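Since the structure comes first, as structure tokens, the remarks are kept for the end.
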Amino acid sequence: MTSSRSRRAARLGGAALAAALLTATQATTALAAPGNPGEPRYSAGAPSLGDPYFPDQGNGGYDVRHYDVTFTYDPATKVMDATTVITAVATQDLDRFDLDFRGPQITSLKVGKHPAAYRRDGQELVVTPRPKLKTGEAFTVTVTYAGTPPVVTDPDGSIEGWVPTDDGAFVPGEPQGAPAWLPANDSPADKATFTFRATVPEGVTVVGNGRLVSTTTANGKTTFVWDSAEPMATYLATVTLGNFVVNETTTPGGIPVYTAVDPRLVTQSAAAVARIPDILDYFSSIFGPYPFNQAGAVIDRAPDVGYALESQTKPIFSSAPGVGTMAHELAHQWYGDSVSVGKWSDIWLNEGFATYATWLWTEHTGGATAQQTFNGSGNYGRAATSSFWQIVTADPGPEDMFGNVPYNRGAMTLHALRGKIGDAAFFTLIKDWASRQRYGNASTADFIRAAEEVSGMDLKAFFDVWLFQKGKPVSW
Ligand code: ARG
Ligand code: ZN
């Protein structure tokens, strides 16, 4: 699913370059064989969408609409047997296209009904469809594979992808883990709907995104079918599995909540789990309606991961969270999941918003005010000489994209903006942002434009100081 917004977001340096190169190739072909106008001009889809943080990520030439992922997994052997069916639409005449895939051995690959030639090169899975695909044509790619999906290491040294636990697997995908277990167009700019059909030994619970459609047990195995009906970025997909205590409830505001907690962590996480309904209803009151048909949380024991992730509809926690971390991941459902970045340098739009949401929650529940948190020693109170001020908020780089700056300076930016434009304009802005950009991809430039529109002010200098310049802001 590529919205007009995500197309804008995909117009990155590399993508533009790839497009220019393709146009040049097409021009040459046109000279050599001046066919009839409207005749297909086949070429290869771009092997990347050109995000400088993850240059292999994403592919051009098609737009994914749906992923249907069927697999069996046995925690004892760590072996997955999977078939993923991708439904996509060609956005150019294609004689070749790439998927992103870091998963185990492929045993069969078809485009439509026809077996297709393919080769693997790093995370690129290069597919040669025959017959070729025409612009606007809907097609399926069916990939069958088996083996142990890999753990992926990020530029900041943290791990993601498919992380085995002592009773299953913890499955985080930000920013590049999804292709560990499913072939995909792994860019936040190509959202799609998902269905997961996961079969595991009886007693193991699989928690996927969206709604639980069915649970069927036969011959000592249970199949869980999860359906994510709203568009989702690939990095937010999860099928975290293991031993879980499951609870279902509905918030007073009417949001269905599904929680799965490792039995060893029930006591430690009870306080955070108990606040989920209040947090969701409070955020709905200030951010607008909860964007999905399901909410929840998965609390697991994955000590080597050490972070939580806002997997869509069900954030996943690698240890028992506090209330603040719970609030952070739930806020991401609005900011990050429903409204997503199109390129990773804009990550402050995810992390700054989720961090600021937690400041607001803390104030709402009688803790420090947002102003006190802003002033604190981890925030504006940091000395001007601190290295913290030497990272650019709106372009922190792949090693610092989940570091303090996009989170804390990002949140400070929002609080300073609130002071600059006033409470009324600020809260209108963030609510409008959630509704106008719902299910889409948005950029820092879009946000600046929205802030100027709502406030009627010229905010160029303000955002320059907070987002684009190094150094501790002194006036804005
Ligand atoms: N977005 C997550 C959060 O702040 C953090 C993901 C960290 N991922 C990583 N590979 N370091 O809620
Ligand atoms: Zn976050």
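For the chain, what is the mean residue ellipticity at 222 nm derived from helices alone (per DSSP H run of n ≥ 4: -39500 (n - 2.57); sum divided by total residues; nearest 500 deg cm²/dmol)?
-8000 deg cm²/dmol, from helical runs alone.
Specify the inter-centroid distance of region 412-476 and region 238-282, based on alpha-carbon positions, in whole Å.
That distance is 32 Å.
Cross-link candidates for residue 460: which lysines have Cα within less than 22 Å, leaving aside residues fewer than 8 places away along the same chain?
By straight Cα distance, residue 460 reaches 343, 420, 431, 470, 472.
Given +1 on the Cβ of Lys and Arg, -1 on the Cβ of Asp and Glu, and no further charges, what dipole in debye does the chain carry about its Cα centre, rounded to the nearest 20?
740
For region 438-445, what does the Karplus curve 6.51 cos²θ - 1.76 cosθ + 1.60, with θ = phi - 60°, yield as ³J(HN,Hα) per residue in whole Hz, taken in order and with x for Gly and Pro?
Result, rounded to whole Hz: 3, 6, x, 10, 9, 10, 4, 4.
Out of residues 5 or more away from residue 244 or on other chains, whose amide H comes under 5 Å of its own, with H placed 1.01 Å from N in the peptide plane?
So residue 244 has HN proximity to 205.
Taking the Cβ of each residue in 454, 111 as the centre, tally the other Cβ atoms inside 10 Å and list the residues starting with the fewest.
Least to most surrounded, the residues fall as 454, 111.
Within a 10 angstrom radius of the beta carbon, how do 70, 240 rank from fewest other beta carbons to most?
70, 240
At 0.36 nm per residue, and after removing the present C-alpha to C-alpha distance, how many nm does the segment from residue 229 to residue 135 gain when stretched out fully?
Going from the current span to full extension adds 31.3 nm.
What are the ³J(HN,Hα) couplings of region 302-313, residue after residue, when phi is run through the Karplus curve with 6.51, -1.76, 1.60 and θ = phi - 60°? Round to Hz, x for glycine and proline.
Per-residue couplings from phi come out as 9, x, 7, 7, x, 9, 10, 9, 7, 2, 4, 6 Hz.
Label region 206-344 by shape, choosing from rounded, prolate and oblate, from the square roots a ≥ b ≥ c of the eigenvalues of the Cα gyration tensor; if a/c is under 1.5 it is rounded, and otherwise prolate applies when a/b is larger than b/c, oblate when it is not.
rounded
List the lysines whose alpha-carbon lies under 16 Å from that of residue 314, not counting same-chain residues fewer than 8 positions away?
Within the straight-line limit of under 16 Å, residue 314 reaches no lysines at all.
On average over all directions, what projected area in square nanometres does the chain have, based on the convex hull of its Cα atoms?
The number I arrive at for the chain is 23.3 nm².
Which one of 250, 467, 165 is farthest out on the positive end of the charge dipole of the chain, using unit charges on Cβ (Lys, Arg +1; Asp, Glu -1) and the Cα centre as origin?
Farthest along the dipole direction, towards plus: 467.
In whole Hz, with x marking every Gly and Pro, tabulate ³J(HN,Hα) for region 163-170 from phi via Karplus 6.51 cos²θ - 1.76 cosθ + 1.60, θ = phi - 60°.
10, x, 10, 6, 9, x, 8, 9
The numbers here are math on the coordinates, done by the rules we state, and not lab data. This is a predicted model, so every value here is computed, not measured. Cβ atoms come from the backbone with ideal geometry, glycine included; neighbour counts cover every protein chain shown.
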